[in-house]
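The values are calculated or read from the model by the stated rules, or taken from the named source; none is laboratory data. In this text, all values refer to a predicted model and were calculated from it rather than measured experimentally. FYI the Cβ positions are ideal-geometry reconstructions off the backbone, even for glycines, and counts take in every protein chain you see.
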Amino acid sequence: MSTNIKQDIHQVLKKYWGYDSFRPLQEDIVLSVLGKHDTLALLPTGGGKSLCFQVPGLLMGGTTLVISPLISLMNDQVQNLRAKGISAVAISAAMNYKEIDVALNNAALGHVQFLYLSPERIQNDVFRQKLAYLPITLIAVDEAHCISQWGYDFRPSYLKVAEIRAFFTDVPIIALTASATKFVVDDIQVQLEFKNQNVIRQSFARKNLRYVVQQEEDKVTRLLKLVTNIGGSGVVYVRNRKKTEELARILTSKKISALAYHAGLKFDDRENIQEQWLQNKVQVICATNAFGMGIDKPDVRFVVHMDLPESIEAYFQEAGRGGRDGKIAYSTIFYTKGDQQRLLDNFKYAFPELDYIKQCYQAICNYYQVAIESGQGLSVEFDIDKICNSYNLLPVLVFNSIKFLEKENYLSFLDAGFEASKVLMLGNKEELYSFQIKHPKYEPTLKTLLRSYGGLFEDYVFINEKELAYRIKTNATELVEQLKFLDKMGLLSYVPQSSLPKLIFIQDRVNTKFLEFNPENYQKLKQRYLERINSVIDYTNEDKVCRQVQLLIYFNEFNYSDCGHCDVCISKRPKDYEKVKAKIVDIIKAQPMTLNDLKEKMKSVNDETWVKAFNELVDDGRILEHETVFYLKK
């Protein structure tokens, strides 16, 4: 690294990302990390968090260790880095032993610049033995709010992250999150053993976002009007999978292109739907909260919640997916009083009785034939419907029981275990040639694999069976059978894609009567969950305080002013406000003019009113400026 650090970071930014400048605060965060300071970066959704550790990671050399809670998010970042010519690997609890061994060996040899881990991996004894041999120069903890019990998405496995620091005492740590209250901000730094408190935060104010909350019985009709009036790309969040499909059908029937997205879809289908939306071939995605993490689409013009989110933090992240290009975007909640009551009713399902949790644990262990005092590290595909049918259990209670078993470190649930199939070549070129001579049937498959994908001998590479089968002029079913056979013969390692979530046994099965829970912890979590629900209800009920101000106060940001554009602010405007806006438009439509000329024309109108109306027209892009002259957008 040269003495001109600022020049270095801008060169890296330009070389790999093609940007001439950083977004607000990115440069400050990067410089803090390069100064070897423990750093907590608090940036709202769309603030460009990943660059804050990727740029310094490249300059520091060695390997940057990245802790991330979602497999899908890790894979997205790994693929993006590889596309830029940067070596990156992701290790998760959903991988088999061979995959993990290859990845860690490559990292130990210095061939990996970014090593992504799920937090569960840190608890693995084999990983810990290899950890000391890795050339780690930076530790990054993504979605850092997961480390705090005060956070809305607490993950107990995150509490082990700080233990890594013992292996690398001089290595700085950067923690990143998009939403955190004061309690969470303080707790993150304590849990990660920051040497000194160091928070770099961007304001949570989003000047281009228009927050709207409407009590509405006929939500679908209002949604149709909103989509038609605003236009452009959008996301509509609903509570469950069935509703995503119903809503997508309704929008399609009204000539609005829409697709449903949820965790129950196959990997290829999810990828295809997401890609169509990213390329604006589909206007609207109707989704559960499984959609959005790690997706950076700049031109989202509206985000609509048809059901109430379970926390302000989750709402803020989802709403923040609109308007990343800096242009006007709308974040709207449609709700009824019944929705508020349902949120409270769901509370009783979120925290099953402790005896029910024990019953679920026993059912899961029996279903997967895990004997007492065995099973540690076992990873299984989790089919919740089959387990519920076999043991007469309720899916929502089983799911929430697993959440609590996670918090007590018995199991780990990976809902994002949907990743493409992958292949690693185990045989060398001579062995492959010899095999093809003896088994000519497999020659097209092996040759096409090697021609289609690079790096197959060094690491696992994601493949697409349908595309590969098309090139070989066979069908996908036959190709899969061939790959399984080649795997059996030891020529390659083939890991087929999974369409089900993963369940990992963190420790050996214990006898149910010895299953220990912390009742105090259970009650604390219950109370915090209820507080978050009530915060959402309060937000929807409050019609006197600016929406953005409410959000800023929630996140302990008190240097604020009314946004002037949310439903609350609009309700406070003078009655003739829209007439004033129309008058300004008519004047400038007739003749472009300077601000002084317009001021003369608006003498009969209250200054505060017409200036506010004029600024809004400029913000909305309806009035443009060229060399101090304002004109109407055509």
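Answer yes if at least one residue in segment 17-29 is in contact (Cβ under 8 Å) with a residue 60 or more places away in the chain, assigned by TED's automatic domain parsing to the domain that holds K160, closer than 23 Å to V161 by Cβ and not hydrophobic (A, V, I, L, M, F, W, C), and no otherwise.
Within segment 17-29, not a single residue is in contact (Cβ under 8 Å) with a residue 60 or more places away in the chain, assigned by TED's automatic domain parsing to the domain that holds K160, closer than 23 Å to V161 by Cβ and not hydrophobic (A, V, I, L, M, F, W, C).
Is it fair to say I537 is modelled with pLDDT of 90 or more, out of contact with any strand residue (DSSP E or B) (no Cβ under 6 Å at 6 or more places or on another chain), at negative phi and among the β-branched types (V, I, T)?
yes
Condition check ((1) closer than 27 Å to D562 by Cα; (2) surrounded by 12 or more Cβ atoms within 10 Å (Cβ to Cβ); (3) at pLDDT 85 or above) across all residues:
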site: K583; (1), (2), (3): yes, yes, yes
site: P592; (1), (2), (3): no, yes, yes
site: K599; (1), (2), (3): yes, yes, yes
site: V605; (1), (2), (3): yes, yes, no
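Could you please give the count of residues in segment 185-201 that are of a type in the set (A, V, I, L, M), in contact with a strand residue (DSSP E or B) (Cβ under 8 Å, 6 or more places away or on another chain) and farther than 14 Å from I139 by Cβ?
Adding up the residues that qualify gives 3.
Looking at L551, is it closer than 30 Å to G320 by Cα, of a type in the set (A, V, I, L, M) and part of a helix (DSSP H, G or I)?
It is true that L551 is closer than 30 Å to G320 by Cα, of a type in the set (A, V, I, L, M) and part of a helix (DSSP H, G or I).
Return the residues of segment 149-195 that are hydroxyl-bearing (S, T, Y) and modelled with pLDDT of 85 or more; say none if nothing qualifies.
T169, T177
Could you tell me which numbered condition G57 fails, if it satisfies all but one of (1) surrounded by fewer than 19 Cβ atoms within 10 Å (Cβ to Cβ); (2) touching a Ser or Thr at 6+ places or on another chain (Cβ under 6 Å); (3) of a type outside the set (S, T, N, Q)?
Looking at each condition in turn, G57 falls short on (1).
Within segment 42-52, is even one residue crowded, with 18+ Cβ neighbours inside 10 Å and of a type in the set (K, R)?
The answer is yes, given that some residue of segment 42-52 is crowded, with 18+ Cβ neighbours inside 10 Å and of a type in the set (K, R).
Can you tell me how many residues within segment 112-148 are at pLDDT 90 or above and more than 15 Å from L70 (Cα to Cα)?
9
Quick one: is Y494 crowded, with 18+ Cβ neighbours inside 10 Å, within 29 Å of M95 (Cβ to Cβ) and of a type in the set (S, T, Y)?
Against the criterion (crowded, with 18+ Cβ neighbours inside 10 Å, within 29 Å of M95 (Cβ to Cβ) and of a type in the set (S, T, Y)), Y494 qualifies.
Say we look at segment 584-625 and pick out the residues that are part of a strand (DSSP E or B) and either in contact (Cβ under 8 Å) with a residue 12 or more places away in the chain or more than 41 Å from the chain's Cα centre (by Cα) (or both); which of these is farthest from A329 (Cα to Cα)?
If we take residues in segment 584-625 being part of a strand (DSSP E or B) and either in contact (Cβ under 8 Å) with a residue 12 or more places away in the chain or more than 41 Å from the chain's Cα centre (by Cα) (or both), then M593 is farthest from A329 (Cα to Cα).
Only strands (runs of 3 or more DSSP E) wholly contained in segment 37-154 count here; list those with 2 or more residues that are touching a helix residue (DSSP H, G or I) at 6+ places or on another chain (Cβ under 6 Å) and within 22 Å of L426 (Cα to Cα).
Ranges flagged: 88-91.
Residues are listed down the side, and each one gets a yes or a no for (1) part of a loop (DSSP other than H, G, I, E, B); (2) surrounded by fewer than 12 Cβ atoms within 10 Å (Cβ to Cβ); (3) not β-branched (V, I, T):
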position	(1), (2), (3)
E516	yes, yes, yes
L525	no, no, yes
R532	no, no, yes
T540	no, no, no
D543	yes, yes, yes
N556	yes, no, yes
S561	yes, yes, yes
C569	no, no, yes
P574	yes, no, yes
